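Chemist: Here's a structure for you.
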Amino acid sequence: MINKRKAFTLMEIIIAMALMMVVILSIFMLNQTSNRSSMDAYFETLCFSLAREPIEVFRGLGYETVLAISKNHKLCPAPYKIGEFTNITFDPKLALQYPADAESFQRRIDLTPNSSGKYINIKVTVAPRNMSKAEVWFRKESIILESNIVWKPKW
């Protein structure tokens, strides 16, 4: 007699289900890692942009003006406070607007004149605010950018 088998055994079904679970879990974990990496890269790019902006503004003001600002912080342009963390906020009155996610960050600007008087060091630190979306997704504690404004002699 020829015995033709038309169904799977219980053991074959259990092994197939176990393999399917491993494949499905690995796909979900890959997706989660991919989402985390892309959000981290997005927030890092946003941080660098928020840090570069005041550096470029102060470079545009020039050495003499920045030196005066470093001595008297009241002369500083409105959205840039020196020596303290300030929250990035949306202000419809400003010509320059930030993306909505920028409100998840805070920024600190420090101006340090060199003792020789030849340059001023600008240090900008951007960090996530407490209890924000950026604090959850962003892996770094902060981004720090530094630059110098060099004194140019008048000819």
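Read-outs throughout are calculated quantities, based only on the coordinates presented, and are distinct from any laboratory measurement. Just so it is clear, the structure is predicted and the values come from calculations on it, not from any experiment. Cβ: placed from backbone, ideal geometry, glycine included. Neighbour counts: every protein chain shown.
Quick grid of which residues meet (1) in contact with a Lys or Arg (Cβ under 9 Å, 6 or more places away or on another chain); (2) more than 30 Å from LYS133 (Cα to Cα):
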{"site": "CYS47", "(1), (2)": "yes, no"}
{"site": "GLU56", "(1), (2)": "no, no"}
{"site": "ARG59", "(1), (2)": "no, yes"}
{"site": "GLU64", "(1), (2)": "no, yes"}
{"site": "ALA78", "(1), (2)": "no, no"}
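Chemist: Which one is surrounded by the fewest Cβ atoms within 10 Å (Cβ to Cβ), of the residues in the range 54-88 that are touching a residue at least 40 places away in the same chain (Cβ under 8 Å) and in contact with a helix residue (DSSP H, G or I) (Cβ under 9 Å, 6 or more places away or on another chain)?
Modeler: Ranking the candidates gives ASN87 first.
Chemist: From the list ALA51, ALA100, pick out the single residue that is aliphatic (A, V, I, L, M) and either without any contact (Cβ under 8 Å) to a residue 12 or more places away in the chain or in contact with a Phe, Trp or Tyr (Cβ under 9 Å, 6 or more places away or on another chain) (or both). I'd like the intermediate steps shown before the answer.
Modeler: Values: ALA51 fails: either without any contact (Cβ under 8 Å) to a residue 12 or more places away in the chain or in contact with a Phe, Trp or Tyr (Cβ under 9 Å, 6 or more places away or on another chain) (or both).
One residue alone meets the criteria, ALA100.
Chemist: Inside the range 19-57, can you point out the residues that are more than 20 Å from THR89 (Cβ to Cβ) and either of a type in the set (Phe, Trp, Tyr) or in contact with a Leu (Cβ under 6 Å, 6 or more places away or on another chain) (or both)?
Modeler: Residue satisfying the conditions is PHE28 alone.
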